[in-house]
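Worksheet: the structure to be examined is printed underneath.
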Amino acid sequence: MKPAILEVTQRIQERSRDLRADYLRRTAAAGQRARGSDRMGCANVAHAFAGMPAGDKFKVVAERAPHIGVVTAYNDMLSAHQPYEGYPEIIRDEARRHGATVQVAGGVPAMCDGVTQGLPGMELSLFSRDTIAMGTAVALTHDVFDAALLLGICDKIVPGLLIGALHFGHLPCVFVPGGPMSTGLSNSEKAKVRELNAQGLVGREALLEAESKAYHGPGTCTFYGTANSNQMLLEAMGLHVPGAAFIHPHSGLREALTREAVRTVLANVKAKRYTPIGELVDERCIVNAMVALLATGGSTNHLIHWVAVARSAGILIDWTDFSDLSASVPLLARVYPNGSADVNQFQAAGGPGFVVRELLDGGWLHGDVMTVSRNGLRDYTQLPVAVQGDAQAVQWQALATEPGDAAIVRQAASPFSPTGGLKLLTGNLGRSVIKVSAVPEDRHVIEAPARVFDEQEQLLAAFKAGELERDFVAVVRFQGPQANGMPELHKLTPPLAVLQGKGFRVALVTDGRMSGASGKVPAAIHVSPEAQAGGPLAKVRDGDLIRLDAITGTLQALVPADEWEQRETAVPGDAHRETHAHGLGRELFAGLRRNVVAAEQGACTWL
C-alpha cells in the first residue's frame with residue numbers, strides 16, 4: 001500500500017473509532033435476532049405475506065427459505081431507471097430456482113436532474129437523497145428480510161439507497177445497475193451547440209435537436225457525471241456483481257448479470273460467505289471509493305454524498321481527506337467532461353475493471369476488503385462475458401494488459417496526471433472544492449474583480465445583456481443547502497465557457513453545486529459555511545478582487561483584513577426567500593432546509 005493511502009485511512013479509523021464501534025455494536029445486535037417470521041406475532045406474519053402465492057408463503061414461513069427484499073427506484077421518467085420495470089419478475093424467477101422468495105419491499109422517488117436543471121424543481125434534488133434514504137428505511141423496516149437488492153443508478157438515488165441500506169447494516173445487500181444508453185451525439189458536439197445557443201447563434205430548434213440526439217434512449221446519460229461516477233464507486237466498493245456497471249440495458253448479458261445479483265446475495269446469506277453491508281462498508285472500503293473517484297476525475301457531488309454515506313456507517317471523512325488522497329492518486333481515465341470519450345468508450349477501453357486493477361496492483365486500493373463477490377476486490381478487475389449456450393449465466397475473463405485506447409484509460413505507470421482531479425481550496429472565503437481535471441492549466445489561477453449575484457438567473461441576464469465581456473469572478477451565493485436546497489448550477493456553464501473561449505479570464509465561486517459534468521471553467525464550489533448561514537461569501541461586494549488559486553489551494557478575497565473583519569454580511573431579500581420557499585412542493589422541504597448541516601458534513605438532514 002502507498003504510505004499516503006495508509007496514512008489517510010488510519011486517521012479516518014482513529015477519528016471514527018467510537019462512532020464506528022457504536023454502529024457495529026448495533027448492527028451485530030440486529031443480526032443476532034431470530035428471523036423475522038419466527039420472532040414476529042402471527043398477525044404481523046400474516047400481513048407481511050398475505051399477497052404472496054401460497055407456495056412462497058410456505059417456503060418463507062415453514063421452510064425458512066431465504067427471503068429477499070427489493071427496493072426499487074423504478075420509474076420511466078428517468079431513462080436510466082426505465083429498464084427496471086421488468087426486473088422484479090427476473091429476480092423472482094431466479095430466486096425460485098434457488099429455493100428463495102422475493103418481495104418488492106418498496107419504491108423510492110427518483111428525479112431526473114437533467115429535467116430540472118436551471119428550474120425550481122432542482123431545489124428539491126439534493127434533499128431527494130435523504131428522502132430516498134428514508135424511503136429505503138420505510139421499505140426495509142417491515143423487517144422480514146434476510147437480504148436486500150437495491151435497484152438504482154442516478155445522481156441522488158444510489159447515495160440515498162446506500163445511506164438507507166447502511167441503517168440496516170445487518171443485511172447482505174447487492175446493488176443492481178441497469179447500464180448506460182447507447183452512444184448518441186458526442187458530448188463535445190452537444191456542448192458546442194449549447195455554447196452557440198448561449199451566444200444566440202443557433203435557436204431552440206437546433207438546440208433541442210442536438211439534446212435529443214444526445215439523450216435518446218434507455219440507460220444512463222453517457223457522460224461521466226454523478227450517475228456514472230456512482231457506478232464506478234460501487235465497483236470499487238465491491239457492492240455490485242463485478243463488472244456490472246456499464247453493460248447496455250438491452251444486452252443479453254444484462255439479464256444474466258441481474259440473475260447473478262440474486263445468486264450473489266443468496267450466497268452471502270449463507271454463514272460461510274456472510275457479508276452484511278454494515279461490516280463490508282468499513283473505513284478501507286470508503287477510502288477505496290474516494291480513490292476510485294479521484295483516479296477517474298469523477299463527480300464533485302460525491303464530496304458531499306460520500307461524506308453522508310460514510311457517516312451512515314459510523315465513519316467520519318472530510319474534504320481534507322479527499323484533497324490529501326488526490327495529491328497521491330494518479331488520474332487514469334479521461335471521460336467527458338475531462339476528456340472526449342463517453343462511458344461506452346470508457347468501457348470498451350477497459351472501464352472500471354482496468355482502473356481497479358491498476359490501482360490495486362499499484363497499492364492505491366485496499367485489497368483486503370470484503371466484497372459481495374467470492375474472491376474479494378480482485379474479482380472487480382475482470383470483464384463479465386456471456387456463457388455460450390446459457391443466456392442466464394455469466395463468466396469472467398481477464399482484461400488485456402494494455403488499455404483498449406490509451407487516450408481514454410492509462411496504466412498507472414503512465415497516468416494522464418500524477419495527481420487526482422480534485423483540489424481543496426481554503427482562505428478567507430471559506431472551504432471549497434474545485435475539479436481541476438478538465439480545467440486548462442493556464443486557468444488554474446484566476447485573479448479578477450468579483451461580480452456578485454444572488455440568483456443564477458441574474459448572471460444569465462447579465463450575460464445576455466453583454467455586461468460580462470471582461471475578466472471577472474462570478475460570485476453566485478445564497479445557493480447552499482439552507483438557502484434553497486443547494487441546486488446544481490449547470491446552466492451557468494455554457495455562458496461562462498463562451499466568455500472563457502473569447503479569452504476572458506473568468507471563474508465561478510459559489511456555495512451551490514455544479515453537476516457531475518462541471519468542466520473547463522474553473523469553479524470553486526460548495527463554499528462552506530454558506531452565505532445563508534452567515535458565511536464569508538455574504539461579505540463579498542462587486543469589484544472586490546478575488547483570487548482562486550488551484551495550485552496553492554487558496555480562495556481569497558483580496559480585501560484588507562481589518563476592512564474584511566468589519567464588513568457586514570448581506571442577507572437575501574424578501575423576494576428571494578419567498579421565491580425559494582414556495583411552489584412545486586418546496587414548502588414540504590422547509591424542515592429539511594432548517595435542519596440540514598453544511599456541505600462538508602454531507603448536507604445531511606438526519607443528524
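The values are calculated or read from the model by the stated rules, or taken from the named source; none is laboratory data. Predicted model only: the values in this text are computed from it and were never measured. So basically every Cβ, Gly included, is an ideal-geometry build from the backbone, and we count neighbours across all protein chains shown.
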Open item on the list: For region 310-321, check the following and say yes or no: at least one residue is surrounded by fewer than 24 Cβ atoms within 10 Å (Cβ to Cβ), touching a residue at least 60 places away in the same chain (Cβ under 8 Å) and not in a helix (DSSP H, G or I).
Closed with: yes
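Step by step: first the residues of region 491-515, then only those that are hydrophobic (A, V, I, L, M, F, W, C) and assigned to a loop (DSSP other than H, G, I, E, B), then the one that is modelled with the lowest pLDDT. Which residue is that?
Met514
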TODO: Report yes if some residue within region 436-458 is part of a helix (DSSP H, G or I), buried (at least 21 other Cβ atoms within 10 Å of the Cβ) and in contact (Cβ under 8 Å) with a residue 60 or more places away in the chain; otherwise report no.
DONE: yes
TODO: Give the residue that is nearest to Phe346 (Cα to Cα), with candidates limited to residues of region 189-214 that are among the polar types (S, T, N, Q) and modelled with pLDDT of 90 or more.
DONE: Ser212
Task: Selected residue (only one of Asp544, Asp511 is within 30 Å of Arg334 (Cα to Cα), acidic (Asp, Glu) and crowded, with 18+ Cβ neighbours inside 10 Å) - done: Asp511
Open item on the list: If a residue must be over 26 Å from Arg254 (Cβ atoms) and at pLDDT below 90, how many such residues does region 143-188 contain?
Closed with: 1
- [ ] Hey, could you check region 485-505 for residues that are within 27 Å of the chain's Cα centre (by Cα) and farther than 16 Å from Ile304 by Cα and say which is surrounded by the most Cβ atoms within 10 Å (Cβ to Cβ)?
- [x] Leu496
Task: Selection within region 498-515 - touching a strand residue (DSSP E or B) at 6+ places or on another chain (Cβ under 8 Å) and either without any contact (Cβ under 8 Å) to a residue 60 or more places away in the chain or not assigned by TED's automatic domain parsing to the domain that holds Glu447 (or both) - done: Leu499, Gln500, Phe504, Leu508, Thr510, Gly512
Task: Set Thr101, Thr72: member being buried (at least 16 other Cβ atoms within 10 Å of the Cβ), touching a Pro at 6+ places or on another chain (Cβ under 8 Å) and under 30 Å from Asp155 (Cβ atoms) - done: Thr72
- [ ] Return yes when Val343 is among the β-branched types (Val, Ile, Thr), buried (at least 24 other Cβ atoms within 10 Å of the Cβ), in contact with a Gly (Cβ under 9 Å, 6 or more places away or on another chain) and over 20 Å from Ile12 (Cα atoms) and no when it is not.
- [x] yes
Open item on the list: Within region 14-25, does at least one residue satisfy the condition of being free of Cβ contacts under 8 Å to residues at least 60 places away in the same chain and surrounded by 12 or more Cβ atoms within 10 Å (Cβ to Cβ)?
Closed with: yes
TODO: Assess whether Phe175 counts as being in contact with a strand residue (DSSP E or B) (Cβ under 6 Å, 6 or more places away or on another chain) and within 30 Å of Thr264 (Cβ to Cβ).
DONE: yes
- [ ] State whether one or more residues within region 116-126 are closer than 21 Å to Leu234 by Cβ and either modelled with pLDDT of 95 or more or assigned to a helix (DSSP H, G or I) (or both).
- [x] yes
Task: Search result, residues across region 193-213 that are closer than 23 Å to Ala462 by Cβ and basic (Lys, Arg) - done: Arg194, Arg204
- [ ] Could you list, in sequence order, all residues of region 275-323 that are at positive phi and modelled with pLDDT of 95 or more?
- [x] Gly314
Task: region 465-483, residues that are basic (Lys, Arg) and without any contact (Cβ under 8 Å) to a residue 40 or more places away in the chain - done: Arg470
Open item on the list: Testing Gly86 on (1) touching a Ser or Thr at 6+ places or on another chain (Cβ under 7 Å); (2) in a helix (DSSP H, G or I); (3) surrounded by fewer than 24 Cβ atoms within 10 Å (Cβ to Cβ), one condition comes back false. Which one is that?
Closed with: (1)
TODO: Kindly check whether there is at least one residue in region 139-157 that is over 23 Å from Val265 (Cβ atoms), surrounded by fewer than 24 Cβ atoms within 10 Å (Cβ to Cβ) and under 19 Å from the mean Cα position of the chain (by Cα).
DONE: no
